[in-house]
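Only one structure is covered here, and it is reproduced in the block below.
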Amino acid sequence: MNNSKLSKQMFALPYAILAVVFVIIPLVIMMFTAFVDGNGSFTFDNFLNFGNADVWKVLGRSFIMAFLTTVICLVLAYPTAMILANSRLNKSATIVMLFVLPMWINSLLRIYAVKLIFEDMLGRGFGLVLLGMVYDFFPFMLMPLYTILANMDHSYIEAAEDLGASPLKNFLTVILPLSVPGIISGVLMVFMPTVSTFAVSDILGNPDTYMFGNLINYNMEKGYYNLGSAYSIVMLALIGITTLIANRITAVRGGKK
Amino acid sequence: MKIKAWKKVISYSFLALILIFTYLPIAVLVVYSFTDARSIGVWTGFTFELYAELFSDQEILSAILNSVILAVTSAGCATIIGTFAAVGIYSMKRIPRKLMEGTNQITMLNADIVTAIAFMLFFLIVQFIPFGWATLIISHTMVCIPYVVMSVLPRLSQLNPNLYEAGQDLGASPMRVMFTVMLPQLITAMLAGFMLSVTISLDDFVITKFNSNSEVVTISVYLYNKLKKGVKPVLRAMSTLILVVVTAVVVGINVGQKRRSDKVRKNV
């Protein structure tokens, strides 16, 4: 018995080794690169660049872009998911598939489609980049929202109705709180990816739409690996923090229930 | 009743608007792949000219081929390693299991650009893996494995835990039990993980950009390089071709799944 358990665990060994070599060690190397200068001696200089106003400007712009993208996606996706989940359309796999199909299409191809139609209309800039981001990330907001709303236990909603709650009150006190985990995973799938994407801004933007992802990409392309690594570490930290906060909120909500 | 009818009209109009927003750009792309106009808005007559150009463009054809080879190879490797890993992880005790699952989530949660740069710095230091196919297959496989693990793990909890031991008690080696007892039961989950991996690899742009050389160009990298500069009309034909193939595959898989679940329902 014990022996068989052990032999079974060994099946994970190849992946464990690969993960250490190709996931953990590269991150350690990146961390190391961020804390040395061109000659390999220890320094904090790469991070001191955050004293630079331009870096803050780029970071601020990225957050504004990510915030707007997330809010617009949420405002458009929530009603879409709710209508899809509550109507008879829910039974028709074809209709639901129509909405999530774009998720399977290469995102650069979709950005190209946006460029083709809207570039002449809007001109390259903040508006066009925002449109491209929303177009690119919308299905990733819709999917988790639809999943949670379609699988929601309807007895809660009916109970509230029976107890005389108005549709608005029912939505605010029952449906919305129950859908929080879906909202959180949607936000996670849109917010940080917007901050770190550089292709959308490269293709639809101008120098005024330079994002944090572009900053990292620029430094790596120019061979400033130390600086690029430092920015990547900051990115990594931001992702870590947002994920922790999201997990925290989901856990607290789950605990309440 | 009246209010209900209005509600329906408004909801369906909203859905229609979202669908138009989603498909208008794609539709224009497809329609304009049948004319050789330089830009959108001027229709210079129906022609297959762009498709003729597409199928004689060696650069594009090899990019498509490269993408497919890379996706299938990486997804295949990821499916094998990931499935074995899932079986192993499932039988682990709490702490090592948590550790493995945590590690598994790193690349899933991390930004593509950070993962890509970490790989690149690693390959720069470990010089004996040259940038190109080798680095691409390794990085894509590593990015895909977590999704295979996540597809297979839930299925394992539905299996009869005694089957593995039974196989061993009957004298089969662990490998043999794996191949004759475990894998046949996991095949659907493995297939789901494989397809997810193919999609992730085909869709990837950032990891490929940082971990390739100038010779191995995939569709995503090709598109990025072209789109940054300006747009060639032939890209419309290329995009349409990709759209048709992807749609056919996704629809095919969904129809297949539906048939299977209908069959199951009938039998129950």
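The values are calculated or read from the model by the stated rules, or taken from the named source; none is laboratory data. Remember, it's a predicted structure, so these values are computed and weren't measured experimentally. No Cβ is skipped: glycine too gets one built from the backbone with ideal geometry, and neighbour counts run over all protein chains shown. Surface areas here come from the heavy atoms of the whole protein model, side chains and all, with no ligands, DNA or RNA. Shrake-Rupley method; radii C 1.70, N 1.55, O 1.52, S 1.80 Å.
Anything in the range B:32-41 that is part of a loop (DSSP other than H, G, I, E, B) and open to solvent by less than 80 Å² (accessible area, probe 1.4 Å)? List them, or say none. Answer for the range B:32-41, where residues must be part of a loop (DSSP other than H, G, I, E, B) and open to solvent by less than 80 Å² (accessible area, probe 1.4 Å): B:Thr35, B:Asp36, B:Ala37, B:Ser39, B:Ile40, B:Gly41.
Do we find that A:Gly240 is surrounded by fewer than 20 Cβ atoms within 10 Å (Cβ to Cβ), on the phi > 0 side of the Ramachandran plot and without any contact (Cβ under 8 Å) to a residue 60 or more places away in the chain in this structure? In short, no. Checked against (1) within 12 Å of chain A (Cβ to nearest Cβ); (2) open to solvent by 60 Å² or more (accessible area, probe 1.4 Å); (3) touching a helix residue (DSSP H, G or I) at 6+ places or on another chain (Cβ under 8 Å), B:Leu99 meets all criteria but (3). Scanning the range A:22-46 for residues that are open to solvent by 50 Å² or more (accessible area, probe 1.4 Å) and assigned to a helix (DSSP H, G or I) yields a count of 6.
B:Thr107 meets all of the listed conditions (1) within 14 Å of A:Ile24 (Cα to Cα); (2) surrounded by fewer than 24 Cβ atoms within 10 Å (Cβ to Cβ); (3) modelled with pLDDT under 95 but one, namely (2).
Taking the criterion of being under 22 Å from B:Ile69 (Cβ atoms) and assigned to a helix (DSSP H, G or I), the residues of the range B:217-233 that qualify are B:Ile219, B:Ser220, B:Val221, B:Tyr222, B:Leu223, B:Tyr224, B:Asn225, B:Lys226. Scanning the range B:1-24 for residues that are modelled with pLDDT under 90 and surrounded by 15 or more Cβ atoms within 10 Å (Cβ to Cβ) turns up just one, B:Ser11.
Counting only helices (runs of 4 or more DSSP H) wholly contained in the range B:132-182, the ones carrying 1 or more residues that are more than 30 Å from B:Asn66 (Cα to Cα), of a type in the set (Lys, Arg) and open to solvent by 30 Å² or more (accessible area, probe 1.4 Å) occupy B:133-156, B:174-177. Taking the options A:Phe42, A:Phe67, A:Phe32, name whichever one is more than 14 Å from every other protein chain (Cβ to nearest Cβ), closer than 23 Å to B:Ala111 by Cα and not polar (S, T, N, Q). Every option except A:Phe67 fails the conditions. No other residue among B:Leu70, B:Leu17 is in contact (Cβ under 8 Å) with a residue 12 or more places away in the chain and part of a helix (DSSP H, G or I) apart from B:Leu70.
To keep it simple, each residue is scored yes or no on (1) within 19 Å of A:Leu172 (Cα to Cα); (2) buried (at least 22 other Cβ atoms within 10 Å of the Cβ); (3) more than 7 Å from chain B (Cβ to nearest Cβ); (4) in contact with a His (Cβ under 8 Å, 6 or more places away or on another chain).
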position	(1), (2), (3), (4)
A:Met103	no, no, yes, no
A:Leu108	no, yes, no, no
A:Phe118	no, no, yes, no
A:Val129	no, yes, yes, no
A:Gly132	no, yes, yes, no
A:Asp136	no, yes, yes, no
A:Met141	no, yes, yes, no
A:Ile148	yes, no, yes, no
A:Glu158	yes, no, yes, no
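Among the numbered criteria (1) closer than 30 Å to A:Ala237 by Cα; (2) away from chain A (no Cβ under 13 Å); (3) more than 19 Å from the chain's Cα centre (by Cα), which single criterion is violated by B:Ala75? Every condition holds for B:Ala75 apart from (3). Taking the range A:180-225 as the range and being open to solvent by 50 Å² or more (accessible area, probe 1.4 Å) and either assigned to a loop (DSSP other than H, G, I, E, B) or under 11 Å from A:Met133 (Cβ atoms) (or both) as the test, the residues that pass are A:Asn206, A:Tyr210, A:Lys222, A:Tyr224. The set of residues in the range A:1-60 that are among the β-branched types (Val, Ile, Thr) and in contact (Cβ under 8 Å) with a residue 12 or more places away in the chain comprises A:Thr33, A:Val36, A:Val55, A:Val58. Considering only the range B:64-86, I want to know if a residue exists there that is closer than 13 Å to B:Met238 by Cα and not aromatic (Phe, Trp, Tyr). Yes, the conditions are met somewhere in the range B:64-86.
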